[in-house]
Amino acid sequence: MDRVGIIGYGHMGSMLVKGFLTSGALLAGEVVVASKSQESRDACAAVWPGISIAETNTELARQCRLIIIAVRPQETKGVLSEIVPVMDGDEHIVSLAAGISLGDIEELFTGSVTRAVPTVTSTVGQGTTLVCHGRQVGMHGALRVEGLFSSIGHVMLVDEGELPAATLLSSCGPGLLAAIIEELARSASRASGLPKERAVVLATEMAAATAAYLRETGRAPGDVIGEVATGGGVTEVGVRRLREQLPGVFDEAVVSMLERCETVGK
């Protein structure tokens with residue numbers, strides 16, 4: 001009964017199973033997976049021998065004390081309405097759904113509730129999972145959840161009010177950064193004739209190396225700009241142009257994304 005249940009075996013659910021098992025945070029026999037897709041259930045069983053597959057969400061809920069709901073936001077309340085009637089009330093629910101608040105979940109389940117927001121880069125053990133605990137979560141439950149998610153990257157505790165903006169950086173951020181990498185590579189290719197594929201490789205490696213440099217040296221982004229953008233040099237020209245144009249672009253993008261956050265899952 002102390003097993004971890006994961007409802008949903010799409011991209012996020014399968015990533016969690018892989019991360020928890022390959023890191024050694026859990027053994028296959030400690031995990032139960034449920035999915036409405038027979039194909040997904042079969043795939044999970046084939047990849048992870050020894051894992052338990054539940055035919056229904058209620059079957060999973062009867063077997064687990066920690067239940068991670070990894071379905072689309074629009075499906076989350078439906079899953080809760082299925083499993084809550086068969087639960088004892090001392091279980092711990094972890095929801096990955098954007099736009100579904102702790103209060104929304106606590107209206108249906110009065111026990112321990114946590115919201116967690118992993119990121120696509122958790123697939124390679126990198127990035128930050130945001131964690132926000134509800135008022136019923138005790139120290140033991142909090143540490144257990146944080147320990148699990150720390151096996152797939154970093155964990156940052158946030159207040160629920162901070163979650164939308166933090167999600168833009170940690171979870172949406174890889175998509176935004178990938179778009180920036182792509183556009184920078186395209187611009188270099190258009191201006192010089194450098195093949196686009198090689199430009200993308202160079203831009204990608206540069207972004208990864210810069211992030212590693214910032215992390216390992218503890219320098220701030222402004223420090224790195226100062227190191228690279230010497231007075232009157234090539235980089236200074238580019239940075240100056242970006243400083244002129246990017247604030248407005250990013251402000252508009254962030255506002256639009258925050259407005260969208262308010263409607264997800266509704």
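The values are calculated or read from the model by the stated rules, or taken from the named source; none is laboratory data. Just so we're clear, the structure is a prediction, and the values are computed from it rather than from any experiment. Heads up, the Cβs are rebuilt from the backbone with ideal geometry, glycines too, and the neighbour counts pull from every protein chain shown.
Considered as a group, the residues in region 89-147 that are among the acidic types (Asp, Glu) and in contact (Cβ under 8 Å) with a residue 24 or more places away in the chain include one that is farthest from LEU169 (Cα to Cα), and that residue is ASP90.
Looking at the structure I just gave you, is ILE100 more than 16 Å from CYS64 (Cβ to Cβ), of a type in the set (A, V, I, L, M, F, W, C) and outside any loop (DSSP other than H, G, I, E, B)? Criteria not met by ILE100. Among the residues of region 215-239, the ones that are surrounded by 11 or more Cβ atoms within 10 Å (Cβ to Cβ) and of a type in the set (Lys, Arg) come to 1 in all.
Here is a yes/no grid of residues against (1) more than 12 Å from the chain's Cα centre (by Cα); (2) among the acidic types (Asp, Glu):
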residue: VAL131; (1), (2): no, no
residue: GLY134; (1), (2): yes, no
residue: MET139; (1), (2): yes, no
residue: GLU146; (1), (2): yes, yes
residue: MET156; (1), (2): no, no
residue: GLY161; (1), (2): yes, no
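In region 219-226, the count of residues that are part of a loop (DSSP other than H, G, I, E, B), at pLDDT 95 or above and at positive phi is zero. Taking region 48-82 as the range and being without any contact (Cβ under 8 Å) to a residue 60 or more places away in the chain, touching a strand residue (DSSP E or B) at 6+ places or on another chain (Cβ under 7 Å) and β-branched (Val, Ile, Thr) as the test, the residues that pass are ILE51, ILE53, THR56.
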